[in-house]
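Have a look at the structure below before the remarks.
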Amino acid sequence: MKKIRNTAKTVYKHLQPFERDEIAHLLSQNYTQKEIAERLKRSPSTISREIHRNGAQIRKTRFRANRAQLKADERKRKSHQKIRLKNKKIRDYVILKLSKNYTPEQIAGRIRIDMKGYSTNYESIYLFIYNERPDLIKHLVRGKRKRQKRSIKSGKRMVKIPNRVMIDKRPEYINNRKTYGHWEADTVVSRQSKSSLVVIRERKMNLMCICKIPRKNKKYMKKAVIKMLRHFPKKFLKSITFDNGLENANHEAIAKALGVKTYFCNAYHSWEKGGVENGIGLIRRFFPKKTDFALISHQTIKTVEKKLNNRPRKNLGFLTPLEVYNNCA
């Protein structure tokens, strides 16, 4: 019998999918492992190890390429996982406290007291349980077989604003900006402070009102909107369109105080109140992002409001919003 000489390269590379396909095909043709290694220019031990590790165990099939690839990918993924709780004393402590129905957070906090010089965190404990010791899941308060991804909530966000009337039911003449008295409201926030700006803008004449509030919530939002609009004549108070932020939950109280109707945009459809969004863009020229609104005086805000209301607008025939308002008042 002709002696088969191995011509495998000395540098090892992982088997590729096409090579696993070839192994499966040649095995079905009754090729020996040495012959397959010769065809693929691989070491016979590589072929032997591949068949042993990833070979099929059903229906007398020696090797299935697709199943072998899945097993190899899974093994590679697990090989890159970081081992959690490497210290045996910490692992034993965690397992003991879990058996006593401690939560991972309680264990992470208590270990510093019970074992001086040792510490861990609850995230490492969770990873240890789900990646290495799934038998301990039963000791968790909510022992789900698969851990939910962090910062991801299942389902859609529930909007807790009672008795909303959606923008789909807003009359067409309001959409077409045919009459005065229809407003849009929104807020301008900053990461630098809890204070924010409430902005309302009339849809037809582009008149804007701006007010600073100490905190973005429904209480201050209601006070600000009522304060800014209550001095306008009734003919200029017909409707207000809000977004779905919880600060707008007092819309019914606003409607009652001002005698207006309220409408709400669809979720994540900011363009449905494009007028006030455009106004906020203009405000950002004076107060860029990361501006600390707590340091901005009410007088400064009113100065910006005055400048914007005296700014000529193309859609008004280059009149200013204040000029249009005065002509109609």
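The values are calculated or read from the model by the stated rules, or taken from the named source; none is laboratory data. Quick caveat, the model's predicted, so the values are computed rather than measured. In this analysis, Cβ positions are derived from the backbone assuming ideal geometry, glycine residues included, and neighbour counts consider all displayed protein chains.
The table that follows gives values for the structure above.
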{"item": "Residues of segment 116-140 that turn out to be surrounded by 14 or more Cβ atoms within 10 Å (Cβ to Cβ) and over 29 Å from the mean Cα position of the chain (by Cα), as a count", "result": "3"}
{"item": "So Leu229, is it surrounded by 14 or more Cβ atoms within 10 Å (Cβ to Cβ), under 21 Å from Ile161 (Cβ atoms) and over 27 Å from the mean Cα position of the chain (by Cα)", "result": "yes"}
{"item": "First in segment 172-190 and of a type in the set (Gly, Ala, Ser), second anywhere and assigned to a strand (DSSP E or B), Cβ under 6 Å, 6 or more apart", "result": "Ala185/Ile200; Ala185/Ile240; Ala185/Phe242"}
{"item": "Hey, Lys178 at pLDDT 85 or above, in the same structural domain as Met221 (by TED's automatic domain parsing) and exposed (fewer than 14 other Cβ atoms within 10 Å of the Cβ) or not", "result": "yes"}
{"item": "Cβ pairs under 9 Å, 6+ apart, first in segment 236-253 and on the phi < 0 side of the Ramachandran plot and in a loop (DSSP other than H, G, I, E, B), second surrounded by fewer than 23 Cβ atoms within 10 Å (Cβ to Cβ) and of a type in the set (Asp, Glu)", "result": "Asp243/Glu272"}
{"item": "Test: residue in segment 208-215 that is basic (Lys, Arg), assigned by TED's automatic domain parsing to the domain that holds Asn315 and crowded, with 20+ Cβ neighbours inside 10 Å", "result": "no"}
